[in-house]
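The values are calculated or read from the model by the stated rules, or taken from the named source; none is laboratory data. Since the model is a prediction, treat every value here as computed from it, not as a measurement. A quick note on method: Cβ atoms are made from the backbone with ideal geometry, for glycine too, and the neighbour counts reach across all protein chains shown. Side chains are part of the model used for accessible areas, which takes the heavy atoms of the whole protein and leaves out ligands, DNA and RNA. Shrake-Rupley method; radii C 1.70, N 1.55, O 1.52, S 1.80 Å.
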Amino acid sequence: MNPVAQELYQRIRREGAIDGQVIKVDRFLNHMVDPVLMDKLGAELYGRFAERKIDKIITAESSGIMIAQAIAGHFGVPFIYAKKKRPLTMREYYAASSYSFTKQESTTLYVSQEVLGTRERLLFVDDFFAAGSTYKAIEQIIEQAGATLVGVAVIINKSDRRDIESILTMHDLASG
Ligand code: G4P
């Protein structure tokens with residue numbers, strides 16, 4: 001495990017919890033947020049894609065926003081967060097729905113056509129990758145826009161997919 005992964009692992013052990021498949025991180029990642037830790041996680045994930053041409057980072061509200069900002073800051077590019085409610089001012093938009101197994105509900109994600117252009121190269125970022133439903137919805141939105149998804153970076157990858165860059169996987173959490 002690299003030093004950043006080790007630090008996150010220790011924080012989960014000391015301040016969070018692992019309850020079966022559910023990882024509790026709300027004292028430092030997704031409810032109360034440690035900005036210093038978030039920046040370290042962002043720098044590490046940025047490093048995995050630093051050589052790639054990335055025009056924008058994309059995530060979904062709400063817990064993806066902090067890591068998206070941290071990564072985008074290192075690239076020096078904007079980040080977009082897909083909204084779960086469409087503001088009346090958003091007249092032309094891309095939309096896709098995602099079903100959350102964790103929350104047992106369907107949500108539609110919206111991105112204004114004003115912020116996502118054809119031919120843009122995007123990195124999808126999130127706190128967790130679980131069933132991949134948020135990812136699939138974002139993939140559809142990127143396709144609707146005619147843009148390109150360059151890769152996926154998450155803090156914790158709970159799936160078996162190996163094409164996703166992450167700080168920790170369930171395997172890391174199980175083995176320590
Ligand atoms: P998926 O997007 O990969 O399909 O995942 P899933 O539907 O299972 O989970 C959806 C929501 O649950 C996401 O938040 C995700 O961040 C959160 N989540 C998934 N696994 C864990 C976990 O182990 N611990 C914690 N704390 N959260 C988890 P969301 O619905 O997009 O909403 P928000 O919380 O970001 O606002």
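Observations on the model:
- The C-beta contact set for the range 17-32 (first residue free of Cβ contacts under 8 Å to residues at least 60 places away in the same chain and assigned to a strand (DSSP E or B), second residue more than 8 Å from the ligand (Cβ to nearest atom) and open to solvent by less than 50 Å² (accessible area, probe 1.4 Å), distance under 9 angstrom, 6+ apart or interchain) comprises Lys24/Ile12; Lys24/Gly16; Lys24/Ala17.
- The residues of the range 133-150 that are open to solvent by less than 10 Å² (accessible area, probe 1.4 Å) and either small (Gly, Ala, Ser) or touching a helix residue (DSSP H, G or I) at 6+ places or on another chain (Cβ under 6 Å) (or both), listed by number, are Ala137, Ala145.
- Any hit, the range 153-172, residues being open to solvent by less than 50 Å² (accessible area, probe 1.4 Å), more than 9 Å from the ligand (Cβ to nearest atom) and part of a helix (DSSP H, G or I): yes
- Per-region count, the range 91-106, residues surrounded by 16 or more Cβ atoms within 10 Å (Cβ to Cβ) and at pLDDT 95 or above: 4
- All conditions but one from (1) open to solvent by 50 Å² or more (accessible area, probe 1.4 Å); (2) near the ligand (Cβ under 10 Å from one of its atoms) apply to Gln6; the one that does not is (2).
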